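Written below as structure tokens is the structure these notes are about.
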């Protein structure tokens with residue numbers, strides 16, 4: 001057990017050999033990891049990898065087949081009350097009471113945590129104001145948009161002034177505005193000292209938000225490190241992204257034939273050329289375009305993205321929404337743009 | 001468990017019960033299986049039969065207690081499992097006992113609230129009298145708790161909605177009506193029928209209600225109260241075990 005000099009535990013979460021079988025199917029396979037206090041820890045994996053099952057075991061909703069989990073030093077099975085008092089949970093769907101108002105949803109949750117009346121009302125007001133919902137506090141939640149329900153769900157998880165917040169796909173299925181608002185909120189909460197356990201299948205989200213990331217696939221953790229360190233492990237996976245004004249049908253094959261090009265992937269109207277020698281390939285692309293009368297409208301060199309790490313470790317191609325995109329000379333598709 | 005913790009858990013159970021009352025009492029499945037079903041079964045039994053209303057009222061009380069109390073758990077729990085709101089209780093800092101006690105309280109209040117209506121109608125319009133208040137009140141309270149716990153136990157069956165729980169549950173509830181001295185008093189049943197009826201909790205409900213309203217009783221109030229207490233304990237214990245099994249499986 002990792003212990004600080006003053007003897008206090010430094011881990012907010014400690015999972016040891018956590019395992020879950022559904023019949024004969026092993027959904028989570030003897031995973032062990034630690035989450036330090038105050039960090040944003042990402043739990044990244046494709047659908048069905050075991051992310052939600054892990055969160056359900058960590059939060060005491062589901063009983064593990066094997067293994068143990070500790071929250072702030074309390075065993076979630078043997079000291080469940082103490083452990084649960086310190087956590088807040090936002091599940092993958094907004095499990096709010098649609099027939100109750102936002103105010104009643106929050107105060108009901110406060111009662112579940114045995115908060116005194118005055119305290120839960122102060123906290124409910126504070127959270128509704130923070131989440132911009134105080135004006136609509138008396139309306140039934142069934143009238144709320146999906147983004148508003150998500151915000152209420154997060155507020156409910158914070159009512160007990162939790163020390164650790166479990167967020168399972170918090171932005172999944174939301175519009176861009178809500179996604180940005182929720183990410184901003186998570187950052188603020190973390191800045192205020194809250195430990196965040198963020199489950200996501202969105203590489204961009206994990207890369208932007210997390211101090212460390214665990215990649216889980218088929219119930220097993222395949223890597224744990226900071227996003228940048230994970231990217232560095234496959235630094236050799238460099239690529240060039242190019243888009244032409246008007247591409248001919250043979251462009252893809254022609255680019256494959258260029259020297260030092262290992263692979264060409266067509267991504268929308270762009271081509272991504274994987275190479276060990278980007279300067280050489282850049283020159284060759286330029287020569288090719290000039291010789292064939294093609295106008296280059298986008299040309300970027302890309303480093304590996306968290307998406308690339310994910311693909312390399314899991315062998316699964318994520319959907320395009322999950323791959324990092326950044327604006328630059330043109331619209332990038334995956335990969336980290338180099339600062340040249 | 002310390003006294004302070006016990007009070008805290010009791011308050012949370014009450015909170016869960018009150019929340020269920022607010023959200024689910026007026027929901028269509030509750031009205032249908034908790035009120036419409038026992039009343040229509042009662043009417044189909046008594047209409048056309050030459051039965052004095054004062055003899056029919058205990059049947060109605062027992063039926064409404066039975067159906068109303070036992071319906072709330074199988075309605076609320078599958079719905080909350082589907083909406084994942086049940087996970088809120090499982091992740092809250094309270095024991096599973098407290099959560100299920102809260103659900104039981106919701107069924108208990110529903111059963112008592114509805115079965116008081118026929119008592120009031122009998123007393124106000126038909127002059128029925130309470131001969132043994134203790135038997136009536138204790139019988140109703142214990143029955144409502146036992147049937148609510150029975151519903152909670154069945155609600156642990158895997159299913160995506162109340163219909164998937166209530167359908168198989170009715171395969172148990174309806175046959176119980178026929179061996180419980182509801183339609184034919186226990187004293188008029190054949191010997192094997194009397195033995196069988198002794199094992200039905202509903203028998204002891206109607207026995208106690210009849211003891212309370214017209215002084216008629218076959219098994220004796222003490223035996224009936226004991227049997228209902230044992231059933232309540234068994235339903236709670238088995239219900240908890242089933243829910244823990246669910247947590248291990250899900």
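The values are calculated or read from the model by the stated rules, or taken from the named source; none is laboratory data. Just so we're clear, the structure is a prediction, and the values are computed from it rather than from any experiment. Neighbour counts run over all protein chains shown; Cβ positions are idealised from the backbone, glycine included.
Annotations
- Looking only at residues of the stretch A:285-324 that are modelled with pLDDT of 85 or more and touching a helix residue (DSSP H, G or I) at 6+ places or on another chain (Cβ under 9 Å), we find that the one that is nearest to residue A:239 (Cα to Cα) is A:299.
- Filter result for residue A:38 (assigned to a loop (DSSP other than H, G, I, E, B) and closer than 26 Å to residue A:309 by Cβ): yes
- Scanning the stretch B:1-37 for residues that are modelled with pLDDT under 90, part of a helix (DSSP H, G or I) and within 12 Å of chain A (Cβ to nearest Cβ), we see that the one that is farthest from residue B:90 (Cα to Cα) is B:4.
- Taking the numbered list (1) more than 13 Å from every other protein chain (Cβ to nearest Cβ); (2) at pLDDT 95 or above; (3) within 20 Å of residue B:12 (Cβ to Cβ); (4) within 28 Å of the chain's Cα centre (by Cα) in turn, residue A:106 passes all entries but (1).
- From the options A:150, A:146, A:136, residue that is crowded, with 18+ Cβ neighbours inside 10 Å, in contact (Cβ under 8 Å) with a residue 12 or more places away in the chain and closer than 30 Å to residue B:99 by Cα: A:150
- Hey, residue B:213 more than 14 Å from chain A (Cβ to nearest Cβ), closer than 25 Å to residue B:122 by Cβ and either at pLDDT 90 or above or out of contact with any helix residue (DSSP H, G or I) (no Cβ under 7 Å at 6 or more places or on another chain) (or both) or not: no
- Hits in the stretch A:245-292 (condition: more than 24 Å from residue A:308 (Cα to Cα), in contact (Cβ under 8 Å) with a residue 40 or more places away in the chain and exposed (fewer than 15 other Cβ atoms within 10 Å of the Cβ)): A:245, A:246, A:248, A:292
- Filter pass, residue B:40 being assigned to a helix (DSSP H, G or I), within 18 Å of the chain's Cα centre (by Cα) and within 14 Å of another protein chain (Cβ to nearest Cβ): no
- Scanning the stretch B:169-217 for residues that are without any contact (Cβ under 8 Å) to a residue 24 or more places away in the chain and either within 19 Å of residue B:64 (Cα to Cα) or in a loop (DSSP other than H, G, I, E, B) (or both) yields B:170, B:171, B:172, B:174, B:175, B:178, B:184, B:189, B:190, B:197, B:199.
- One residue from B:240, B:245 being within 14 Å of chain A (Cβ to nearest Cβ), assigned to a helix (DSSP H, G or I), touching a residue at least 60 places away in the same chain (Cβ under 8 Å) and surrounded by fewer than 14 Cβ atoms within 10 Å (Cβ to Cβ): B:245
- Residue check, residue A:266 over 30 Å from residue A:221 (Cα atoms) and modelled with pLDDT under 85: no
- Candidate set from the stretch A:32-49 (those that are surrounded by fewer than 24 Cβ atoms within 10 Å (Cβ to Cβ) and farther than 19 Å from residue A:189 by Cα); member that is nearest to the other protein chains (Cβ to nearest Cβ): A:48
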